[in-house]
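Taking it in order: structure first as structure tokens, then the write-up.
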Amino acid sequence: MKKRYFLGGVVLGALAGAVAGLLVSPASGKENRKKLKHWFDTREELLKNAKDKTEVLVHKAVDGLKEGITKLGIKKETKAKKPPYTSPYTDDSDNSEAAA
């Protein structure tokens, strides 16, 4: 939980620093908006490329696993049946003595 608060603080601190930097920068608002747009556009492109590469790697990994499973002859497991429910509060040995 502490890690989560720390990361939140880091993000908020970075955001506050960016806002403060824009407010005190010597460039005009128009220039700053242009720089920010360019910065976000390049990050968006980088994220799209990373997403595409990740999807390709995941598909290759899944295909490799399927191929390995087929070569090893591993079959899909079926779920095991649950044993019938027995109450932890009853003891069968006590019942048999009472009946006798």
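Axis of helix 29-72 versus longest Cα principal axis of the chain: the two differ by about 30°, to the nearest ten degrees. Can you give the angle from 0 to 90° between the axis of helix 2-24 and the longest principal axis of the chain, with both taken from C-alpha atoms, to the nearest 10? Roughly 10 degrees, rounded to the nearest 10.
Among the listed pairs Lys3/Lys53; Lys3/Lys51; Lys2/Lys35, those with a Cα-Cα distance over 31 Å are Lys2/Lys35.
Throughout, read-outs are computed from the coordinates displayed, never taken from laboratory work. Remember, it's a predicted structure, so these values are computed and weren't measured experimentally.
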